[in-house]
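The structure appears right after this line, and notes come after that.
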Amino acid sequence: MLAIDLRDVTKTYRGGVKALRGVSLSVGRGEVFGLLGPNGAGKSTLVKIIMTVVRPTTLQGTVLGEPACTQRVLERIGYLPEHHRFPAYLTGRQVVDFLGALAKVPRAVRRERTERLLELVGMRDWGDRRVTTYSKGMQQRIGIAAALVNDPQLVVLDEPTDGVDPVGRREIRDMLLRIRGEGRTVLVNSHLLGEVEMVADRVAIVNQGLTVAQGTIEELTRDSHRYELDAVGGPAAVTFAGRECPGAAVPDRPGALTYVLPTREAAEVQPVIDALRAAGAVVTRVERARETLEDLFVRSVVDRDGRAMPGAAREARR
Ligand code: ADP
């Protein structure tokens, strides 16, 4: 059974803004799932609907097997909101304990669980300091511990690595995998596509209130496998599988062109290398490549709008 199985979710806010226009979301149990989309796509609205904070206009489906948007299901969901602020006078340990109390976790269970969670997020030694003394990364760790205090089956994390340095981000990624290892489902909303790419089992890309892509990154980028070939002194185009593949100038390398061959087979690339060398060109790079999540994201978002976003150019080299 799916952890989240929502279809045809629409939300028109008072005033007429159509934030969601028929989104669907299928999140399997025990997955790390990335919810992606540009600003204004409707991600927060969708998360708020799952958290029963916003009432949908129409909706079908279930969350953790319950009819969606019934408050009963909240007992089994953990939530780390974006830009959360904990009361300044509390220590990290007290924050986790306090939120556990709010979630009606019995005191004895809470004690033991708070210690275990502080350990999980690497904050045991810092637990008695006030949250105001924490770095952004430490605040996020305490937030993640707090999101787990009700022993949830589904954990919704809004921008968990926002403002966190690279070492801290890696540690948070490892934490997400450990949380998944405990059998929980993790729904992550993040702008850092590289981060999501490293941990997410599946992703959904939402744009203008619709799901424009959903699946594993492998599934969604399957058709993008290619070989890239750089050569100096080659022709303007090479022939591959009966098709002309034009060369694109390599930045900062005068005379060098990149040819992109739509194949994942090294053997199919060899005749092109032979032809280039026979023509006197010097092959300087042969590399297998595929779309990154960022490429996929930009493609999904641009296709729909029919316009390029600033900085959205697809990079030939990485
Ligand atoms: P995202 O989280 O992807 O940035 P949001 O769900 O916040 O997107 O917003 C989707 C759209 O709904 C935006 O156009 C936003 O301005 C609008 N919106 C969000 N919240 C409200 C609200 N409470 N009232 C009216 N419009 C809203």
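Quick check on the chain: helices-only [θ] at 222 nm, where DSSP H runs of length 4 and up contribute -39,500 (n - 2.57) each and the sum goes over total residues. Nearest 500, please.
-9500 deg cm²/dmol
Give the relative contact order (percent, whole number) for the stretch 175-306; include only Cα pairs under 8 Å separated by 6+ residues. Write out the running numbers ahead of the final one.
Details: 181 pairs, mean separation 34.6, N = 132.
26 percent.
To the nearest Å, what is the center-to-center distance of the stretch 142-167 and the stretch 1-76, using C-alpha atoms only?
19 Å
Ignoring ligands, DNA and RNA, what percent of the accessible area of the stretch 226-289 is carbon or sulfur (1.4 Å)?
Working: 1930 of 3540 Å².
Reported share for carbon and sulfur atoms: 55 percent.
How big is D, in µm² s⁻¹, for the stretch 2-218 by Stokes-Einstein at 37 °C and 0.692 mPa s if Rh is the Kirkwood radius over C-alpha pairs? Write down the numbers at each step before the final one.
Details: Rh = 17.6 Å.
Rounded to a whole number, D works out at 187 µm²/s.
With label points built 7 Å along Cα→Cβ from the Cα atoms of LEU177 and ARG107, find their separation and express it in nm.
Distance between the two pseudo-spin positions: 4.0 nm.
Run the numbers on the stretch 226-289 and let me know its relative contact order in percent, using alpha-carbon pairs under 8 Å that are six or more apart.
Details: 119 pairs, mean separation 31.3, N = 64.
Computed value for the stretch 226-289: 49 percent relative contact order.
Going through the cross-link list LYS48/LYS104; LYS18/LYS104; LYS48/LYS136, which pairs have a Cα-Cα distance over 28 Å in this structure?
LYS18/LYS104
How long are the three semi-axes of the equivalent ellipsoid for the stretch 130-253, computed from the Cα gyration tensor as the root of 5 times each eigenvalue, in whole Å, largest first? Intermediate results must be reported in sequence, preceding the final value.
Values: eigenvalues 337, 74, 30 Å².
Ellipsoid semi-axes (Å, largest first): 41, 19, 12.
Picking from PRO166, VAL27, LEU118, whose Cα lies most toward the positive end of the charge dipole for the chain (charges on Cβ: Lys, Arg +1; Asp, Glu -1)?
LEU118
What's the magnitude of the charge dipole for the stretch 226-289 around its Cα centre, counting Lys and Arg as +1 and Asp and Glu as -1 at the beta-carbon? Answer in Debye, nearest 20.
Details: 7 positive and 8 negative charges, 7 e Å.
Rounded to the nearest 20 debye, it is 40 debye.
So for the pair ALA275, ARG170, with labels modelled 7 Å out along Cα→Cβ, what separation do we get in nm?
Placing both labels 7 Å beyond Cα along the Cβ direction yields 4.3 nm.
How many percent of the accessible area of the stretch 76-121 is carbon or sulfur, using a 1.4 Å probe?
Values: 1520 of 2670 Å².
Carbon-and-sulfur percentage of accessible area, whole number: 57.
Starting from the stretch 30-114, pick out the GluC sites (Glu not before Pro) whose DSSP state is loop and whose Cβ has at most 16 other Cβ atoms within 10 Å.
Values: sites: GLU31, GLU75, GLU82, GLU112; in loops: GLU31, GLU82.
Passing both the DSSP loop test and the Cβ count: GLU82.
Using every alpha carbon pair in the stretch 226-289, what percent of pairs falls into each 5 Å bin from 0 up to the bin containing the largest distance?
Answer for the stretch 226-289: a P(r) of 4, 21, 34, 28, 12, 2, 0 percent.
Determine the per residue accessible area of the stretch 2-218 with all protein chains present and a 1.4 angstrom probe, expressed in square angstrom.
Working: 9880 Å² over 217 residues.
Per-residue accessible area for the stretch 2-218 comes out at 46 Å².
So what's the stretch 37-155 giving for Cα Rg divided by 2.2 N^0.38 Å, two decimals?
Numbers: Rg = 15.6 Å, N = 119, 2.2 N^0.38 = 13.5 Å.
This ratio for the stretch 37-155 stands at 1.16.
Are there trypsin sites (Lys or Arg not before Pro) in the stretch 106-161 that DSSP puts in a loop and that have at most 16 other Cβ atoms within 10 Å, and which ones? List each step's numbers first, then the result.
On the way: sites: ARG107, ARG110, ARG111, ARG113, ARG116, ARG124, ARG129, ARG130, LYS136, ARG141; in loops: ARG129.
The qualifying sites are ARG129.
Remind me, relative contact order of the chain in percent, using alpha carbon pairs under 8 angstrom and six or more residues apart?
Values: 603 pairs, mean separation 59.8, N = 318.
Relative contact order comes out at 19 percent.
Could you give the length gained on full extension between ASP223 and GLU244, defined as 0.36 nm per residue of separation minus the Cα-Cα distance, in nm? Before the final figure, lay out the partial values.
Details: separation 21, 0.36 × 21 = 7.56 nm, distance 1.86 nm.
Contour length minus Cα-Cα distance gives 5.7 nm.
Excluding THR10 itself, calculate the net charge of residues whose Cβ lies under 13 Å from the Cβ of THR10, where each Lys or Arg counts +1 and each Asp or Glu counts -1.
+4
To the nearest 20 debye, what is the magnitude of the charge dipole of the chain about its Cα centre, counting +1 on the Cβ of each Lys and Arg and -1 on the Cβ of each Asp and Glu? Display every interim value, and only then the final one.
Working: 46 positive and 40 negative charges, 233 e Å.
For this selection, approximately 1120 debye.
Among CYS245, ALA204, ALA41, flag the residue with its Cα farthest along the positive direction of the charge dipole of the chain, charges on Cβ as +1 for Lys/Arg and -1 for Asp/Glu.
It is ALA41.
The values are calculated or read from the model by the stated rules, or taken from the named source; none is laboratory data. These numbers come from a predicted model, not from an experiment. Neighbour counts run over all protein chains shown; Cβ positions are idealised from the backbone, glycine included. To get the accessible areas, we keep the full protein, side chains included, count just its heavy atoms, and leave off ligands, DNA and RNA. Shrake-Rupley method; radii C 1.70, N 1.55, O 1.52, S 1.80 Å.
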